[in-house]
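Structure first, commentary second.
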Amino acid sequence: MVFSLIALLLLALGGSMTLLFATVLERNPVMTAGGGLGVAVLALMFFALSYEQPGVLLGMYQLGGLSAIGGMILSLIAALTILGVMANPHKYRAGLSEIYALILFTALGGTLMIGANNLLLLYIGIELSSYSTYILVGYYRDERYSTEAATKYFVLGALASALLLYGISLLFGAGGGLYYDQIAATLAAADTLPALLWPGLALLLAGFGFKLALVPFHAWTPDAYQGAPTMAAALLSVGPKAGAVIALGNLLTQALGLEAISGVWQQALIWLAVLTMTVGNLQALNQRNLKRLLGYSSVAQLGTIIVGLAAGTLAGFQAVILYALGYAFTNIGAFTSIAALRDAGVGEEVDDYAGLGKRQPQAALLFTLFLLSLAGVPLLAGFAGKLFVFKSAVDAGLIVLATIAVLNTVIAYFYYFRVIVKMWLQPAADEAQPVNVNAIAMTALALGVIGVLVIGTFPGPFLEAIATALEPLGGLIIVGR
Amino acid sequence: MLTLNHFLALGAILFAIGLYGLLSRRNLVAILMSVEILLNAILVNVVAIARFNDQAQGDVFALFIIAIAAAEVAVGLALFLNVFRLNGVATVDPLRRMKE
């Protein structure tokens, strides 16, 4: 109980303090960055310590276990993002200490929604991480692209929040309470399921669909990624999504796990997954801007994650969390590579990466590893995640869905390998120019690659830890179909 | 006699109005107002459900929604002011540069 509290307070107070003392801290950027990084790393450690201490905070926040794992993933994401920002702090003229505060708040929001067992806290968590990312996307306030991206993201995000909240309000009416267990009990005791439940569920899924950028709710993604500062895009592509996908799994299994209801949401998730994977991959095929390409790729990746939730089993949920962890390392790594190379003078178009293998072999190699992990090549984190997600789908009897997912992986190979081939096999336009990548950025990339390799090679311990954390939910999760 | 369904219908109508406004208005401030209408529709829902099902948590929820909506508008207004500063107009029209 103590450790979780310390970790949560670290994120909340750490962020607030950085905001409060912004003017003082601004004079010393190194200390500010160190402070932000320190808070994220300390929170990570305290979440790790709290893993074996289950409990409930104020009746609405689950401590230990799953929420500890979620907290660890989110703090890790925050730490890696802060490292990426530290590599070139001069880009963030609008205020340096604020950016660390917003990154910490995004992590806090994600942690809150994962641990929530109350609809109100779930909503607060989602909004905390959403508002922080709205500001982060528009952080280059003198650049029109950044402002345009933030405005589009805000308008569609506000729509998503409204749909989600409308769904929550209907669910509140149908379930007779805001607590997950209260809703589950009311629905289980009802002779006929209340009519409000179905529109509520549909709106809830649509709201989460927007937040997770599932097709057909993904329209904001490519613009937001392209216009945002690259490190903001990195955070946006993993932080709120890892939080929301685990929170969605938690909500669906704990509050709406009744067999008559789970059949419906499983069907809906299957269709969303198929659409998301296919449309995301096909649209990524002919993108020329690298950030836009990664935007569509992240749409497709989220589709794959949803396959695990659609399976509706404990193994599926377990695979989803492992996938989210590996995806966090991989995608932040990929975006940090782009940010670091951009600072070193390489453009953001795919064509600008021609011959990079000769101009800057180390960064090119690391970027290649991230792309391979995204594509799902064995021994890398992306492969482990995909493998267990697909396996859970097959075990749940969703053979067609698993087949479509595997076919989509093959489509995805085309655009990831297009970039890799460009880097290593095509001559550069100006080969004489070497590219110097910042040492801090290199450290962040190396950490990312270590994470990708460790999860990819030894997923066993991670899976075990996740399984132990999910055990308390066991009774509430529907097994099989 | 007013029942819960009347209030839910009112909420649905308000939500539809807000949704229409959000999707059809070109002025950013009008979009912000539509967001407010959407959230108020939800407030009607929550408060009515709290009253008819005798659930005090609903009233607390409503208060939280009001506070969070204020925060949302603050963020939105800041972004829209920036759009105005950069483009001279506060409409969605200049916001289509990235499509190429």
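The values are calculated or read from the model by the stated rules, or taken from the named source; none is laboratory data. Fair warning: this is a prediction, and the values are worked out from it, not measured in the lab. Please note: Cβ atoms are built from the backbone with ideal geometry, for glycine as well, and neighbour counts cover all protein chains shown. Heads up: the accessible areas ignore ligands, DNA and RNA and are worked out on the full protein's heavy atoms, side chains in. Shrake-Rupley method; radii C 1.70, N 1.55, O 1.52, S 1.80 Å.
Key figures
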quantity: Threshold 40 Å² - residues in the range A:109-156 whose accessible area is reduced by that much or more when the chain is no longer isolated, probe 1.4 Å; calculated: A:120, A:123, A:131, A:141, A:144, A:145, A:147, A:148, A:151, A:154, A:155
quantity: Directionally averaged shadow of the protein assembly as shown, computed from the convex hull of its alpha-carbon atoms, nm²; calculated: 24.6 nm²
quantity: Over the range A:204-287 - Rg/Rh using Cα atoms and the Kirkwood inverse-distance radius; calculated: 1.02
quantity: Per residue accessible area of the protein assembly as shown, 1.4 Å probe, in Å²; calculated: 36 Å²
quantity: Amide H within-cut-off set for residue A:56, under 5 Å, with H built and near neighbours excluded; calculated: A:63
quantity: Rounded D (µm²/s) - the range B:4-99, Kirkwood Rh over Cα pairs, Stokes-Einstein at 37 °C, 0.692 mPa s; calculated: 222 µm²/s
quantity: Equivalent ellipsoid semi-axes - Cα gyration tensor, the range A:359-481, angstrom; calculated: 36, 20, 8
quantity: Sequence-separation-based contact order of chain A, relative, with Cα cut under 8 Å and 6+ spacing, percent; calculated: 15 percent
quantity: In sequence order, calculated HN-Hα J values of the range A:204-210 (Karplus, 6.51, -1.76, 1.60; Hz; x Gly/Pro); calculated: 4, 5, 5, x, 5, x, 4
quantity: Signed unit charges on C-beta, dipole axis of chain A, positive-most listed residue A:304, A:115, A:439; calculated: A:439
quantity: Surrounding net charge for residue A:109, when Lys and Arg each add one and Asp and Glu each subtract one, Cβ distance under 13 Å; calculated: +1
quantity: Separation in nanometres of the label points that stand 7 Å from Cα toward Cβ, at residue B:78 and residue B:53; calculated: 3.5 nm
quantity: Positive-end residue, the range A:1-251 charge dipole about Cα centroid, Cβ charges, pick of A:159, A:89, A:74; calculated: A:89
quantity: Translational diffusion coefficient (Stokes-Einstein; Kirkwood radius from C-alpha pairs) of the range A:168-313 at 20 °C, 1.002 mPa s, in µm²/s; calculated: 134 µm²/s
quantity: Residue-by-residue Karplus 3J(HN,Hα) for the range B:44-52, coefficients 6.51, -1.76, 1.60, Hz, glycine and proline x; calculated: 4, 4, 5, 5, 5, 5, 4, 5, 7
quantity: 5 Å-binned pair-distance histogram of the range A:17-132 (Cα, whole percent); calculated: 2, 13, 20, 21, 18, 13, 8, 4, 1
quantity: Alpha-carbon centroids, the range B:42-64 and the range A:358-412: separation in whole Å; calculated: 45 Å
quantity: Pairwise burial B:A, computed as accessible area of each alone minus the pair, summed, 1.4 Å, Å²; calculated: 3800 Å²
quantity: Chain A - charge dipole about Cα centre, Lys and Arg +1 at Cβ, Asp and Glu -1, debye rounded to 20; calculated: 600 debye
quantity: Tail weight of P(r) past 24 Å, computed on alpha-carbon pairs of the range A:256-481, percent; calculated: 46 percent
quantity: Residues with amide H under 5 Å from that of residue B:90, placed H, sequence gap 5 or more; calculated: none
quantity: Derived scalar couplings ³J(HN,Hα) [the range A:336-341; Karplus, 6.51 cos²θ - 1.76 cosθ + 1.60; whole Hz; x for Gly, Pro]; calculated: 5, 4, 4, 4, 5, 5
quantity: Placed amide H near residue A:349: partners under 5 Å, 5+ positions off or other chain; calculated: A:290
quantity: Using alpha-carbon coordinates, inclination of helix B:4-24 to the longest axis of chain B, degrees; calculated: 0 degrees
quantity: Residues along the range B:64-92 losing 30 Å² or more of accessible surface when the other protein chains are present rather than the chain by itself (probe 1.4 Å); calculated: B:64, B:68, B:72, B:75, B:79, B:80, B:82, B:85, B:86
quantity: Carbon + sulfur, % of accessible area of chain B - ligands and nucleic acids excluded, 1.4 Å; calculated: 69 percent
quantity: Sequence ranges B:26-32, A:22-28, A:363-369, ranked by mean other-Cβ count within 10 angstrom, highest first; calculated: A:363-369, B:26-32, A:22-28
quantity: Total charge dipole magnitude, the range A:1-251, about the Cα centre, Cβ charges on Lys, Arg, Asp, Glu only, Debye to nearest 20; calculated: 400 debye
quantity: Gain in span if fully extended, residue A:23 to residue A:57, counting 0.36 nm per residue against the direct Cα distance; calculated: 8.8 nm
quantity: Percent accessible area from carbon and sulfur atoms, chain A, protein chains only, probe 1.4 Å; calculated: 70 percent
